[in-house]
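Every read-out reported here was derived from the displayed coordinates using simple, explicitly stated rules and does not represent laboratory data. In this text the structure is predicted, and so the values were computed from the model without any measurement. Every residue, glycine as well, gets a Cβ built from its backbone with ideal geometry; the counts of neighbours run over all protein chains shown.
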Amino acid sequence: MTPIKTRISALRAALAVMLLLGVAACATPDAGGSAPGAYAGQSMSLLPHRQEMAISQAAAKRAQGQRVWCVPFARDLSGINLRGNAGTWWNAASGVYARGNKPQVGAVMVFSAGRNLRVGHLAVVSEVVNPREIRVDHANWVRNRVTLRQRVVDISPRNDWSMVRVESVPGTLGRPYAISGFVYNQPLTRAQGV
């Protein structure tokens with residue numbers, strides 16, 4: 001087999017595995033959404049075609065030796081078309097997309113830029129477990145990898161999702177991270193944005 005055919009075969013195999021793992025880990029029967037602040041018990045999920053696209057794009061980049069970043073993954077998965085470093089998304093969404101401090105399936109959680117996250121970080125809410133716990137899908141939390149259904153807990157004193165801990169190691173919540181808020185895939189009209 002030629003080197004090109006070998007590489008194409010490896011890419012196809014990697015894409016197939018990533019798609020199967022991603023769909024198996026995240027898909028639910030209903031692809032509907034809900035208003036911000038909805039919680040478990042309501043049938044909600046990320047749109048399967050967006051999951052497939054985001055996961056396959058990340059797998060293709062890895063197979064080509066490219067870096068997998070949180071911003072393009074969040075953009076592909078959420079459908080929110082913003083640009084710039086992760087930490088700039090909160091301000092960039094102002095007047096363009098609805099924003100708030102309540103998790104919603106499909107919303108992008110914006111980790112603030114700071115000492116531990118120099119350019120911030122983005123994660124897409126894949127499940128709202130209860131008012132203080134969610135699951136997220138994101139890229140590059142673990143270097144150059146996609147992580148699905150990772151547990152995130154609100155530890156903010158006012159229960160407003162301004163500070164969270166992420167379960168990077170099973171059974172252990174990591175250090176606190178500041179959160180700017182959630183950007184919802186609800187474009188604002190010009191009148192709403194003003």
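Values as computed for the structure displayed
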item	result
Most to least packed among 109-118, 166-175 [average Cβ atoms within 10 Å]	109-118, 166-175
Calculated log₁₀ intensity ratio I(q)/I(0) where the Debye formula runs over C-alpha points of the range 82-126, q = 0.18, 0.30, 0.32 Å⁻¹	-0.51, -1.16, -1.22
Among 152-164, 49-61, the order from most to least packed when residues are scored by Cβ within 10 Å on average	49-61, 152-164
Sum of side-chain charges, Ala123 neighbourhood, beta-carbon under 14 Å (Lys, Arg +1; Asp, Glu -1)	0
Antiparallel bridge percentage (DSSP; both residues within the range 36-194; nearest 5)	100
P(r), alpha carbons of the range 147-190 - 10 Å bins starting at zero, rounded %	25, 42, 23, 8, 1
Inter-site label distance for Met53 and Asn144 at 7 Å from Cα along Cβ, in nm	2.6
Separation of the Arg132 and Ser94 label points, Cα + 7 Å toward Cβ, nm	3.1
Relative contact order (%) - criterion: Cα under 8 Å, at least six apart; region: the range 60-194	27
Cα-based radius of gyration of the range 102-150 once divided by 2.2 N^0.38 Å, which approximates compact folds	1.15
